[in-house]
There are 2 protein chains.
Amino acid sequence: MPLLGLLPRRAWAALLSQLLRPPCASCTGAVRCQSQVAEAVLTSQLKAHREKPNFIVKTPKGTRDLSPQHMVVREKILDLVISCFKRHGAKGMDTPAFELKETLTEKYGEDSGLMYDLKDQGGELLSLRYDLTVPFARYLAMNKVKKMKRYHVGKVWRRESPSIVQGRYREFCQCDFDIAGQFDPMIPDAECLKIMCEILSGLQLGDFLIKVNDRRIVDGMFAACGVPESKFRAICSSIDKLDKMAWKDVRHEMVAKKGLAPEVADRIGDYVQCHGGVSLVEQMFQDPRLSQNKQALEGLGDLKLLFEYLTLFGIAEKISFDLSLARGLDYYTGVIYEAVLLQTPTQAGEEPLNVGSVAAGGRYDGLVGMFDPKGHKVPCVGLSIGVERIFYIVEQRMKTKGEKVRTTETQVFVATPQKNFLQERLKLITELWDAGIKAEMLYKNNPKLLTQLHYCESTGIPLVVITGEQELKEGIIKIRSVASREEVAIKREDLVAEIQKRLSES
Amino acid sequence: MPLLGLLPRRAWAALLSQLLRPPCASCTGAVRCQSQVAEAVLTSQLKAHREKPNFIVKTPKGTRDLSPQHMVVREKILDLVISCFKRHGAKGMDTPAFELKETLTEKYGEDSGLMYDLKDQGGELLSLRYDLTVPFARYLAMNKVKKMKRYHVGKVWRRESPSIVQGRYREFCQCDFDIAGQFDPMIPDAECLKIMCEILSGLQLGDFLIKVNDRRIVDGMFAACGVPESKFRAICSSIDKLDKMAWKDVRHEMVAKKGLAPEVADRIGDYVQCHGGVSLVEQMFQDPRLSQNKQALEGLGDLKLLFEYLTLFGIAEKISFDLSLARGLDYYTGVIYEAVLLQTPTQAGEEPLNVGSVAAGGRYDGLVGMFDPKGHKVPCVGLSIGVERIFYIVEQRMKTKGEKVRTTETQVFVATPQKNFLQERLKLITELWDAGIKAEMLYKNNPKLLTQLHYCESTGIPLVVITGEQELKEGIIKIRSVASREEVAIKREDLVAEIQKRLSES
């Protein structure tokens, strides 16, 4: 360890105290575990950095800053999404960024290890929220709310291996809409699908398809194929990977890693190839294996009703009953769905290509009951718009087209060709601001006129007002259109009215 | 420890392994420290809870959920604040919720212990952001940005003793506006004060005052009074408490806890009572002690220029030069300011009462350089609106006045007195949604008309469309105004146009 020779005395002491800890629970006890050594080295590095302050300036792994360019695209997309949620009568709400660790434990299945925990600083054990659904269920139970239609836009955090190229980060935004309450079957569920269609159409991302299935059909299919009940959730997780992995590899995972009998896997393989419209629902009612399973029949019955409502909503042709859809999270109990964008086929007759999930959701009737001391249930159904994926797609398209966005909304620039004219510019811009007009000027006593005009062109400000000694003497002011470079002189006292007239015309 | 008898075997094992750890570095070694025992007990309790899932359902200490009622008030206030930032040409941006711990270390002075650290899960050492200013400075240095006017609205986290009664939480929202770049003196600084005035006037919170001072005047005053330079920041922290503590107590802290000579404290005491307008600036230029100090003179010169610009902005009467203003954070280097609301005096002649700070900021010319490998500086000045305090004041006022807010924006409700009329309602509401109209209906096959109308009244929906067999047969539909209870029949095909007409009139 040649590194240690460079450490100051206090850092040495800290490192030693770290190394003197006993091995962690997951070690054999004979050898100190890698993570402890890594932690000790890290701590000592941090101490060293403090004394020599040339550490690397960066954002944490898997995270990034959002520049003004990003923010403009996001604001536009989020506005459209939130408008749709409000059009459907949803209320807004928010929850803390972190929850008690117990609140999140055992809600997410195989993914639970990806939670960010907070350091124990002598208080409660806390973790950053992993999605917005579990906090919503906790909120309902805690406040004994039996009925609520809400949306929630907020950040969530997952310690996944970041693959930044695909636009996946460890910190990302979720946009959720959920309907909690005991209602007649499939009416809120159908509305969730309607909302997904409205948003995806509104965003003009191209053609899309929403795959629909039901957890009871998935479980019924597993039972009918001979999967032991104890393996249901594990096999469900494997099936969920079918959109990223070939059947061959998923089959291998189920048989080799999860101990499923090969003939059982093959029976599942027959089902997960099936997708279609309401006619496939009818067909599955007749399926010799599924029709024997009570759960599967319940799911099929609900799907049939769902398709009836989707037809009335005018969106049935966007929906595909797909037996390969399983959804990874543990808490779903009924209908589940996932929207995918379809790339335009390159040649006629080709199958449309799946370019990834952009929205998903489902019914979770048991989650709220997990937080209620008496286990009282509140049935829920909801959806999450994959806005990060959508931000990424829209940004890529703009890049391809060479589109630029304005990152400010400034309408008027206050300029002068005159030296020592700061006072007059300050008075002018005050008038504009006080009238609610978005205005800027340069923070210089004597800027050059060319610099001022160039600033307007590069930032897209449409209008310039120009003043100088001559104008001041004559009681006039000039308004210049940046695009046409035309200038007109108006009376000084008409400034605000003239600007407002021009802005309302454009 | 009678508790332990109740623990399941696995929890026992975990507790034992915790107790067998050596004492932490801050202990004497002889006795196990309190925090380790507390941690071990907590861990065992968590295990126990998992097996008996009746843990307390709550939000973490010092945090809370934001209900739809809260969100409506927030949205309105944030809209006004952000509009003002945009009116002054600011761009939006965002940074991750957490930063490398090193990024935040040694930026906040005495408060640094209040940071939330993330658990070391085998990666980088991370902390939740403590404000939006340090991440902004890190962003500028990392991207070598030399000039930027940006706003940032986001959550920050501080492990303060929460005093929930006063509306202070450990998670709270900050709204910052900053101008980075090398400009002519005091022009951006004056704009920051103008923005504070526009926002506080716009929010109609009542009369307010902005206290202004300069760190160079504070330091000059300390030097002139005989404070040793090594104690400048510590004494500054004490002075910062003058808005919450009496001079007597602040003096005690400086003398007894921070080792200041009593006569030095008394000299400071004379200055911190001074406040006034630009005439006080002139007076301080003549002060026998301050006028000997180069730093103080620089600060006074800048304040004089600042007042000139504030007069042109029409806000000079809102500003008070106040020698007791010090600001707690370490990073300020020049002008500092803090806005306070003034309660209406109960009797003529009484001094207006300070009800707390609602906005603050200042100049920090050295912070960006701390992140630059070569120490290149980017001068910055900015402000933060204390929106949590403002949310609280507005909510309290609404409560006092008995004002209620609508938490949804629904414009039209689709109702029927008829049984088995779900299909028609679904078709109707689809038409409304597809026309961009905000519409709701009950998720029941056969809701009672009274229930439907009651829902509209209780949630403030202004219009109801009512359909039934008779209406369907005649090709008409009824529109009902919830407020007046008037109903008119219109042609079915005119529905959307008629609704839009009524909504644009209201």
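The values are calculated or read from the model by the stated rules, or taken from the named source; none is laboratory data. Only a predicted model underlies this, so the values are computations on that prediction, with no experimental measurement involved. Note that we place each Cβ from the backbone using ideal geometry, even for glycine, and neighbour counts take in every protein chain shown.
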key: Matching option when the condition is crowded, with 18+ Cβ neighbours inside 10 Å, modelled with pLDDT under 95 and assigned by the TED database to the domain that holds A:Val387, among A:Arg159, A:Arg168   = A:Arg159
task = Test A:Glu338 against the stated conditions and say whether it is over 22 Å from A:Pro228 (Cβ atoms) and either out of contact with any helix residue (DSSP H, G or I) (no Cβ under 8 Å at 6 or more places or on another chain) or modelled with pLDDT of 95 or more (or both).
result = yes
task = Could you tell me whether the stretch B:428-435 includes any residue that is closer than 30 Å to B:Leu80 by Cβ, touching a strand residue (DSSP E or B) at 6+ places or on another chain (Cβ under 9 Å) and not in a strand (DSSP E or B)?
result = yes
ask   = Does B:Asp117 count as within 9 Å of chain A (Cβ to nearest Cβ) and over 20 Å from B:Lys86 (Cα atoms)?
value = yes
request  = State which residue is farthest from the other protein chains (Cβ to nearest Cβ) when the search covers only the stretch A:98-114 and only residues that are within 20 Å of A:Glu171 (Cα to Cα) and among the acidic types (Asp, Glu).
outcome  = A:Glu110
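Conditions (1) surrounded by fewer than 19 Cβ atoms within 10 Å (Cβ to Cβ); (2) within 25 Å of the chain's Cα centre (by Cα); (3) in the same structural domain as A:Ile319 (by the TED database), marked per residue:
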residue: A:Tyr364; (1), (2), (3): no, yes, yes
residue: A:Val381; (1), (2), (3): no, yes, yes
residue: A:Gln418; (1), (2), (3): yes, no, no
residue: A:Lys444; (1), (2), (3): yes, no, no
residue: A:Thr451; (1), (2), (3): yes, no, no
residue: A:Cys456; (1), (2), (3): no, no, no
request  = Search the stretch A:286-323 for residues being surrounded by fewer than 20 Cβ atoms within 10 Å (Cβ to Cβ) and outside any helix (DSSP H, G or I), and hand back the single one that is nearest to the other protein chains (Cβ to nearest Cβ).
outcome  = A:Gly314
task = Please name all residue pairs, on different chains or six or more residues apart, with Cβ atoms under 6 Å, provided the first residue is in the stretch B:66-79 and is buried (at least 17 other Cβ atoms within 10 Å of the Cβ) and the second residue is among the basic types (Lys, Arg).
result = B:Pro68/A:Lys91
message = On the basis of being surrounded by fewer than 16 Cβ atoms within 10 Å (Cβ to Cβ) and more than 39 Å from the chain's Cα centre (by Cα), does A:Ala483 make the cut?
response = no
ask   = How many residues does the stretch B:202-243 contain that are in contact with a helix residue (DSSP H, G or I) (Cβ under 9 Å, 6 or more places away or on another chain) and of a type in the set (Ser, Thr, Tyr)?
value = 2
inquiry  = Looking at the stretch B:430-450, I want the residues that are closer than 17 Å to B:Glu493 by Cβ and free of Cβ contacts under 8 Å to residues at least 12 places away in the same chain and have a partner that is among the acidic types (Asp, Glu) and buried (at least 17 other Cβ atoms within 10 Å of the Cβ) with Cβ atoms under 9 Å, at least 6 apart or on another chain. Which pairs are those?
reply    = B:Asp434/A:Glu198
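Yes/no per residue for (1) basic (Lys, Arg); (2) more than 7 Å from chain A (Cβ to nearest Cβ); (3) touching a Gly at 6+ places or on another chain (Cβ under 6 Å):
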site: B:Ile56; (1), (2), (3): no, yes, no
site: B:Thr63; (1), (2), (3): no, no, no
site: B:Val72; (1), (2), (3): no, yes, no
site: B:Lys86; (1), (2), (3): yes, no, no
site: B:Met93; (1), (2), (3): no, no, no
site: B:Pro96; (1), (2), (3): no, no, no
message = Among (1) farther than 30 Å from A:Lys101 by Cβ; (2) at pLDDT 90 or above; (3) in a helix (DSSP H, G or I), there is one condition A:Asp219 misses while meeting the rest; what is its number?
response = (1)
note = Filtering the stretch B:120-136 down to residues that are within 10 Å of chain A (Cβ to nearest Cβ) and either touching a helix residue (DSSP H, G or I) at 6+ places or on another chain (Cβ under 7 Å) or at pLDDT 95 or above (or both) yields B:Asp120, B:Gly122, B:Leu125, B:Leu126, B:Ser127, B:Leu128, B:Pro135, B:Phe136
inquiry  = With the structure loaded, tell me whether B:Leu203 is at pLDDT 95 or above and more than 14 Å from chain A (Cβ to nearest Cβ) or whether it fails that test.
reply    = yes
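Table: residues versus (1) under 26 Å from B:Gly92 (Cβ atoms); (2) of a type in the set (Ser, Thr, Tyr).
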residue	(1), (2)
A:Glu403	yes, no
A:Phe413	yes, no
A:Thr416	no, yes
A:Lys419	no, no
A:Leu422	no, no
A:His454	yes, no
ask   = In the stretch A:171-210, what residues are without any contact (Cβ under 8 Å) to a residue 40 or more places away in the chain and more than 26 Å from B:Asn446 (Cα to Cα)?
value = A:Ser201, A:Gln204
inquiry  = Just to be sure I understand, how many residues within the stretch A:468-506 are within 17 Å of A:His454 (Cα to Cα), of a type in the set (A, V, I, L, M, F, W, C) and assigned to a strand (DSSP E or B)?
reply    = 1
remark   = Every listed condition ((1) hydrophobic (A, V, I, L, M, F, W, C); (2) within 34 Å of the chain's Cα centre (by Cα); (3) surrounded by fewer than 17 Cβ atoms within 10 Å (Cβ to Cβ)) holds for B:Val272 save (3)
ask   = Would a scan of the stretch B:393-400 turn up a residue that is surrounded by 23 or more Cβ atoms within 10 Å (Cβ to Cβ) and either free of Cβ contacts under 8 Å to residues at least 40 places away in the same chain or out of contact with any Lys or Arg (no Cβ under 6 Å at 6 or more places or on another chain) (or both)?
value = no
note = In the stretch B:177-203, anything surrounded by 24 or more Cβ atoms within 10 Å (Cβ to Cβ) and among the aromatic types (Phe, Trp, Tyr) is listed as B:Phe177
task = Could you list, in sequence order, all residues of the stretch B:458-476 that are over 47 Å from the mean Cα position of the chain (by Cα) and free of Cβ contacts under 8 Å to residues at least 24 places away in the same chain?
result = B:Gln470, B:Glu471, B:Lys473, B:Glu474, B:Gly475, B:Ile476
query = Of the residues that sit in the stretch B:341-358 and are in a strand (DSSP E or B) and at negative phi, which one is modelled with the lowest pLDDT?
reply = B:Leu353
ask   = Is it the case that the stretch B:414-427 has a residue that's within 10 Å of chain A (Cβ to nearest Cβ) and part of a loop (DSSP other than H, G, I, E, B)?
value = no
key: Answer residue from the stretch A:375-413, given it is assigned to a loop (DSSP other than H, G, I, E, B) and charged (D, E, K, R) and is farthest from the other protein chains (Cβ to nearest Cβ) among those   = A:Glu403
message = Being in the same structural domain as B:Tyr331 (by the TED database), more than 24 Å from B:Ile195 (Cα to Cα), in contact with a helix residue (DSSP H, G or I) (Cβ under 9 Å, 6 or more places away or on another chain) and not polar (S, T, N, Q) is the requirement here; does B:Met148 meet it?
response = no
